[in-house]
Amino acid sequence: MSCTITEIMWLEELWVEMEVKVEEPDRRCRMNEDTGSDYLQPWQLSEVADGGGIGVVEESKHDNLAKGDFVTSFTWPWQTVAILDGSLLQKLVPQLVNGRLSYFLGAAGITGLTALLGIREKGHVTAGANQTMVVSGAAGACGSLAGQIGRLEGCSRVVGIAGTDEKCSILVQEMGFDAAINYKKEDVAKQLRELCPGGVDVYFDNVGGDISDTVISQMNQNSHIILCGQISQYNKDVPYPPPLPPDIEKIQKERNITRERFLVLNYMDKQEASVLQLCQWIQEGKLKVRETVVEGLANIGAAFQSMMNGGNIGKQIVSVSK
């Protein structure tokens, strides 16, 4: 064990050794005094930060969990060892993800659920309807899954927007996107006109800002925005979701484009079936998964900063202990 019980801040039912944890962009919001969200509370000074994580049980007084079980939680403390309330932990079955436990933090976890349920609940994708989907932040954890899931759900064309040639290449050659736009080097508006000649029917929005304004301006009548994230706006003092510029808001209203706030936690009654669907796609090789892994708790800050600057491809993972 790497720390003593006197160093642990949660004294409940389980002694858990940390294995891996995940970095999420929404943790940036928790660094603000006001997160702008009713489901996220700001981190407090002197408290241990938390996020999604996975660990192995070392000791247990919980009836349903035993030594050696792998468990996960949305509110995982950023430390190597902790005592946690067993009722707040979920037991994992490694076989569901071919033994890749970290997938429960991404493709088979809250990230995959966000992509799948976002598309199903807010994207209104209909197989055979010849719909075109555009995904911003497409090489990130959620975006890379969303594009693939959009195809699996029935979109006939999927175009991603990312920030490097490497990312764009991975999206097309590995993840089955029809095309990808490097927004740092290419004219996004021009490329969208060429790559989406019939306009955009579904937009999976991870970034907000100028890129989203450009996409919205090329969306069709009665199309749909899946409002997943607004990472370009997280350092600004604006409400969530951020208001659109007047000219873009006019387009949205005139074309009857839906842009409703999406919160995956509102659909937890569909979690079990959705996770099983994601695991099935992973097992069948239909859902390709990328991760960027950093070793050591001491590097968690650098990993977070890298993720916020687009340094990751797929899920940003920190391996805390082995």
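Counting just the Cα atoms, what span does segment 110-264 cover along each of its three principal axes? Round to the nearest Å and put the largest first.
If we take the Cα atoms of segment 110-264, the spans are 37, 33, 33 Å.
³J(HN,Hα) across segment 101-112 via Karplus (A = 6.51, B = -1.76, C = 1.60, θ = phi - 60°), whole Hz, x for Gly/Pro?
Values per residue, Gly and Pro as x: 4, 4, 4, 5, 8, x, 4, 10, x, 4, 5, x Hz.
Show me 216-228, 94-106, 113-125 ranked by packing, highest mean number of other Cβ atoms within 10 Å first.
Values: 216-228: 20.5, 94-106: 18.5, 113-125: 22.8.
In decreasing order of mean packing, 216-228, 94-106, 113-125 become 113-125, 216-228, 94-106.
Cα-based Rg of segment 267-322 per 2.2 N^0.38 Å, rounded to two decimals? Provide the component values of the computation, followed by the final result.
On the way: Rg = 14.7 Å, N = 56, 2.2 N^0.38 = 10.2 Å.
Its radius of gyration relative to the 2.2 N^0.38 Å reference: 1.45.
Could you give log10 I(q)/I(0) at q = 0.21 Å⁻¹ for segment 191-322, computed by the Debye formula over C-alpha point scatterers of equal weight, without solvent?
The Cα Debye sum returns log10 ratios of -1.26.
Considering amide H positions built from the backbone, and no H for Pro or chain starts, which residues 5 or more places from residue 290, or on another chain, come under 5 Å of its amide H?
Counting only residues 5 or more places away or on other chains, the set is 315.
Given an 8 Å cut-off on Cα distances and at least 6 residues of separation, report the relative contact order of segment 110-264 as a percent.
Reported as a whole number, the value is 23 percent.
Taking amide hydrogens as modeled 1.01 Å from N in the peptide plane, which residues meet the under 5 Å criterion relative to residue 180, leaving out close sequence neighbours?
For residue 180, whose amide H was placed from the backbone, the distant partners under 5 Å are 160.
Label points 7 Å out from Cα along the Cβ direction at residue 265 and residue 280: separation in nm?
About 2.9 nm separates the two model spin labels.
Given R₀ = 25 Å, what would the calculated FRET efficiency be for residue 156 paired with residue 250, taking r from the Cβ atoms and rounding to 0.05? Please report the intermediate quantities before stating the final value.
Values: r = 29 Å, r/R0 = 1.15.
Given R0 = 25 Å and the Cβ-Cβ separation, E is 0.30.
Only the coordinates and a few stated rules stand behind these numbers; no lab work does. Note that the structure is predicted; figures quoted are calculated from it, not measured. Every residue, glycine among them, receives a Cβ derived from its backbone with ideal geometry; neighbour counts consider all protein chains shown.
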